[in-house]
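So the structure is just underneath, and the comments pick up after that.
Since every read-out is calculated from the coordinates, none of them should be taken as a lab result. Note that the coordinates shown come from a computational prediction; the quantities given were computed from them, not determined experimentally. Positions of Cβ are generated from backbone atoms using ideal geometry, with glycine treated the same way; all protein chains shown enter the neighbour counts.
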Amino acid sequence: MLLDWLYVAAFAVIGLLLAGLSLAIVWVLSLRSAYPEKRMTYESGMVPFGQAWAQFNIRYYLFGLVFVIFAVEVIYLYPWAIVFRQLGKFAFVEMLIFLVVLLLGLAYAWRKGALEWI
Amino acid sequence: MNWGAEIAKAVLAAVGMFTFLAIVAAMFGVLLERKIGGWIQSRLGPKHVGPQGVLQTLADTLKLLQKENVTPRAADALIFNTAPLVVATAGLMGWLVIPFGKIGETVLVVRDLNIGILFFAAMASMTVIGILAGGWASNNKYSLLGALRSASQMISYELPMGMALVAVAMEAGTLSTVGIVRAQDGWMGSFVFRQFPAFVIFMIAAVAEVNRIPFDLPEAESELVAGYISEYSGMRFSLFMLGEYAEMFAMAAMTTTLFLGGWKGPLLPPLVWFFLKMYLVVFFMMWVRWTFPRFRLDQLLNLSWKVLLPAGLIWILISGYRITF
């Protein structure tokens, strides 16, 4: 069990290291030159104005919120999916109720217009 | 237990998998994509480097290695530089649980985690962190919009994908990928038949998760230049590409494992079957890419929230009913 997570850790660390290594190779091999235009923000050739860190559409955030609600609920389905064969009809009826509540939640979000992109 | 030897084995497995992905998924995958694209659009594709252009991506990689890494003055340098690493690593992580085949009784899988497909889903969604960070840190309007679109798209399609995974887990009674392959017996036993709606939902969500046409709004060249990778050049750009192609091949491999019976098949060795099926799915994804136009953002979100999500929930109910009674 612990051994499994050793492999997960190894993958994460090695992935970062090897990706970093390729950047290090570039740092050694590449020719570098500096002039002010090169490090300018790209805006299709126009002189950029203002910052990109400004207000953006609130809808993106709203979808994020709805996602969090449903993602947490989907997580609850996993343990049930593994054991519901052993638990029989009772577990199925319970999950039926849970899923109907979920669907009602979706219907509510839909009705309230949280799923509309304007 | 000998921890030193285990650590050495784990590191070796990780390095091996990374090399495999860089060569098979990124280099060969890009070449395949260009060749298939050429074939579908009645042109030749890469042709001049090596016989029939097979060395084209190698030449491109060598070129990219010599390019300067440019960090825009306005960007948040630390986050800007870290984001490509996160995307590339996220592309690698999912491969931990994919079983390639079987030699004798040994299954060729790096680690058969008991939460296999949940782990895979978690790692697949890690890409969005890198993309969002990179797009925001670029301090470029195109990048920010691309990153936001990508985030909303990936989270929207994660839910239907989760539903499809739950349906498969119900059918197999386990979350372990090796267990799921073992649960599929014979040709008709493949879950593509018993779980066909889950298969369709998973395929659509998989194409959307890897930001490919018809769901490539985050990159939409004609409106956003290149979306979140507008400001990235040289090797950082290729790390994004590596992550993307590794992810795409991982999705294809996962489709094979979950629905097409993994390494199972008659006559040919298991390893050959696995790669045949995986490349079939990869070909399908490329075929889709070169055939369909792009969705609009509202159509894309409607498809996920108003079609796939309810369909997934109802399909879970139907499968649950069928298996219980």
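In chain A, the longest principal axis of the Cα atoms and the axis of helix A:58-87 are about 50 degrees apart.
Adding -39500 (n - 2.57) for every DSSP H run of four residues or longer, then dividing by how many residues chain A holds, sets the calculated 222 nm ellipticity at -24500 deg cm²/dmol. Among residues other than residue A:94 with Cβ under 15 Å from its Cβ, the summed charge is +1 (Lys and Arg +1, Asp and Glu -1). Look at the stretch A:67-79: the mean tally of other chain Cβ atoms within 10 Å of its residues' Cβ atoms is 5. Bridgeable lysines around residue B:47 (alpha carbons under 20 Å apart, same-chain partners fewer than 8 residues away excluded): B:35, B:63. Relative contact order of segment B:3-324, taken over Cα pairs closer than 8 Å and 6 or more residues apart, is 23 percent. Take each residue in A:53-63, count the other chain C-beta atoms within 10 Å of its C-beta, and the mean is 4. Taking every residue in B:110-119, how many Cβ atoms of other protein chains lie within 10 Å of its Cβ, on average? For this peptide, the per-residue mean of nearby foreign Cβ atoms is 3. For residue B:46, neighbours were defined as the other residues whose beta-carbon sits under 15 Å from its Cβ, and their charges (Lys and Arg +1, Asp and Glu -1) total +3. Taking the Cα atoms only, what angle lies between the long axis of helix A:2-29 and the longest principal axis of chain A, rounded to 10 degrees? So the inclination is approximately 20 degrees. Based on alpha carbons, the Rg and Dmax found for segment A:58-112 are 13.8, 45 Å.
Residues A:111, B:194, A:39, arranged from fewest to most other Cβ atoms within 10 angstrom of their Cβ, appear as A:111, A:39, B:194. Taking each DSSP H run with n ≥ 4 as -39500 (n - 2.57) and averaging over every residue of chain B yields -20500 deg cm²/dmol at 222 nm. Within 12 Å, Cβ to Cβ, of residue B:84, how many net charges do the neighbouring residues add up to if Lys/Arg are +1 and Asp/Glu are -1? Around residue B:84, the surrounding residues sum to -1. The angle between the Cα long axis of helix A:89-111 and the longest principal axis of the Cα atoms of chain A comes to about 50 degrees, rounded to the nearest 10.
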